[in-house]
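Report on one structure; see the data block that follows.
The values are calculated or read from the model by the stated rules, or taken from the named source; none is laboratory data. Computed from a predicted model, the values in this text were never measured in an experiment. Positions of Cβ are backbone-derived with ideal geometry, glycine not excepted, and every protein chain shown enters the neighbour counts.
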Amino acid sequence: MMLLMLLALAFSGGDSASLEVTSVGSLDEAGVCKCAFVLPDNTFPVGRMEILEAANYNLSLSVQQEIYKIQSYELTLNGYVQKLRNLTRRVEVMEMGGISYTELDFELLKMEIREMESLVFQLRASFNGTSTLVEMLFVEIKNISLMVNQLESYDKNNVLAVKREIASLRKRLEDCEKNQVSPIEPSTTYGTCKHGGIVNISKPFVVQLNYQGFNYKFGGWGKDSMSGADQDIHWVAPLTTDGRMMNVFRLYPSYDDLLLYKKPTDKVLTKTLPYNNFDYTNCGQGGGMIMFNNSMYYNCYNTRDLCKFNTETNAVERRTLTDATFNNRFSYASTQWQDIDLAADENGFWVIYSTEQNSGNIVISKLNSVSLIVEKTWTTSQYKLGVTNAIMVCGVLYATRTLNTRREEIFYMYDTKTGTEGRLSIPFDKMMENVQSLSYNPNDHKLYMYNDGYMITYNLVYSHLPNTS
Ligand SMILES: [Ca+2]
């Protein structure tokens with residue numbers, strides 16, 4: 001038998017309490033001493049305990065919330081990892097053999113992987129390097145990049161199938177990135193001008209290498225830029241390799257066909273004459289062409305005329321653009337033969353060019369798209385050779401210039417509604433060095449760039465009007 005004295009049960013904090021309890025214990029057969037005691041109620045700090053319990057409850061709630069967040073991230077990332085595994089399998093299948101390839105597809109594939117790498121890199125930064133899954137994604141994309149490089153030395157694969165996988169994976173990465181970094185912009189209704197102008201441009205989205213390949217660095221592409229026009233048809237117009245003549249352009253019935261180079265319709269503008277002679281009268285000049293209401297509009301070869309090629313009837317109409325300079329007098333800074341640049345926006349059909357009277361500075365004319373007659377003209381003070389390209393959005397001309405080999409900037413604007421011009425700075429990335437053409441489509445608020453043979457799109461972000469009525 002032992003008498004145990006329990007002394008001094010101290011609590012932390014300002015009001016420490018102590019108590020003294022006497023208890024009688026007993027020895028069991030193993031010789032272990034056991035004792036029981038009861039704490040008097042009035043000395044236990046019930047209030048403190050309740051506060052502690054409440055704090056503990058709140059803490060568990062926040063922990064639970066954090067766990068949910070992590071779980072949802074993990075779900076998304078698991079999806080990506082699965083995608084990458086599929087992609088890896090495709091690449092492995094490619095290794096075993098398959099459809100013959102072109103060197104061109106590999107270059108595109110590599111470019112897309114590079115783009116994806118940079119997106120995962122950003123994603124990684126937003127997780128502050130704490131996510132194992134993002135790390136895995138990063139490593140796997142690196143591996144795929146390595147495999148593609150190795151595959152290039154073999155003469156077999158199915159590049160297009162892999163390309164589509166990559167496109168879909170990249171889209172998801174982009175979405176993920178958008179959700180991580182910034183809240184989703186409220187969308188502006190397509191085809192309307194209920195906004196305060198361009199404030200930002202998305203990252204470039206590489207759609208395709210033009211069907212003629214790398215050597216065809218000059219040209220243009222897009223969809224029908226008339227508001228409300230059919231948006232399934234895609235046109236691609238690589239110029240001859242000297243960057244001067246459009247002798248043919250191609251139509252694809254859908255976006256998927258464009259991606260897979262399927263079901264093309266070639267529109268040949270050169271006329272074949274007897275004795276191996278050719279007539280280039282109806283051909284185009286430079287990369288300023290645009291499709292509008294099922295017709296292709298362009299600067300007619302070797303003249304200051306505007307041509308309109310009806311894609312349904314193949315009929316060509318033309319009209320002289322009075323005073324316009326042509327044949328490389330005032331083209332753009334990074335591309336030749338684009339003295340006459342056609343554009344379309346929510347307000348109609350435009351031509352951007354230059355005249356001797358305006359000292360080589362940009363002139364904007366609103367055109368009647370049916371008759372090609374000039375309805376109204378505005379003269380600007382921006383030298384045309386000082387810009388890389390220009391577009392019209394809601395009656396405002398936006399001009400770009402080169403910042404360096406990977407970046408461009410919208411730096412100048414001219415508002416035809418008010419007749420005022422201004423400077424601004426909206427930088428954006430490009431995939432290749434030279435902007436060979438740039439146009440806007442009011443139906444999807446996208447920019448279409450022909451970037452040294454690659455077909456690129458960008459999403460425009462508009463500012464919101466302060467008092468939207
Ligand atoms: Ca343009």
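When we screen V387, V370, V374, V435 for residues that are within 17 Å of the chain's Cα centre (by Cα) and among the hydrophobic types (A, V, I, L, M, F, W, C), the only hit is V435.
Does the range 352-369 contain at least one residue that is assigned by TED's automatic domain parsing to the domain that holds Y440, assigned to a loop (DSSP other than H, G, I, E, B) and buried (at least 23 other Cβ atoms within 10 Å of the Cβ)? Break it down into steps so the answer makes sense when it comes.
Step one: of the range 352-369, the residues assigned by TED's automatic domain parsing to the domain that holds Y440 are 352-369.
Next, from what is left, pick out any that are assigned to a loop (DSSP other than H, G, I, E, B): 356-360, 368-369.
Subset that is buried (at least 23 other Cβ atoms within 10 Å of the Cβ): none.
No, there is no match, as no residue in the range 352-369 is assigned by TED's automatic domain parsing to the domain that holds Y440, assigned to a loop (DSSP other than H, G, I, E, B) and buried (at least 23 other Cβ atoms within 10 Å of the Cβ).
Among residues belonging to the range 13-67 that are surrounded by fewer than 10 Cβ atoms within 10 Å (Cβ to Cβ) and part of a strand (DSSP E or B), point out the one that is modelled with the highest pLDDT. Only one residue tops the list, namely K34. Here is a check on your reading of the model: is T272 of a type in the set (V, I, T), more than 16 Å from G220 (Cα to Cα), more than 16 Å from the ligand (Cβ to nearest atom) and at pLDDT 95 or above? Judged against the criteria, T272 is not a match. Go through G228, G288, G213 for me and flag whichever is within 16 Å of the ligand (Cβ to nearest atom), assigned by TED's automatic domain parsing to the domain that holds Y448 and of a type in the set (G, A, S). Within the list G228, G288, G213, the selection yields G288. Within the range 293-303, which residues are closer than 16 Å to L367 by Cβ and buried (at least 21 other Cβ atoms within 10 Å of the Cβ)? If the condition is that a residue be closer than 16 Å to L367 by Cβ and buried (at least 21 other Cβ atoms within 10 Å of the Cβ), then S295, M296, Y297, Y298, N299, C300 are the ones that fit.
Looking at the range 298-308, can you tell me whether even one residue there is at pLDDT 95 or above, within 14 Å of the ligand (Cβ to nearest atom) and in the same structural domain as M246 (by TED's automatic domain parsing)? Spell out the reasoning first.
Taking the range 298-308 first, the residues at pLDDT 95 or above are 298-308.
Applying the additional criterion that residues be within 14 Å of the ligand (Cβ to nearest atom) yields 298-299.
Narrowing the set further to residues that are in the same structural domain as M246 (by TED's automatic domain parsing) leaves 298-299.
Yes - at least one qualifying residue is present in the range 298-308.
Across the range 315-342, the number of residues qualifying as part of a strand (DSSP E or B) and either out of contact with any Gly (no Cβ under 9 Å at 6 or more places or on another chain) or away from the ligand (no atom under 16 Å from the Cβ) (or both) comes to 6. Could you list, in sequence order, all residues of the range 403-440 that are assigned to a loop (DSSP other than H, G, I, E, B) and within 15 Å of the ligand (Cβ to nearest atom)? Hits for the range 403-440 are K430, N434. Considering each residue of the range 261-284 in turn, at least one proves to be closer than 23 Å to D345 by Cβ and surrounded by 20 or more Cβ atoms within 10 Å (Cβ to Cβ).
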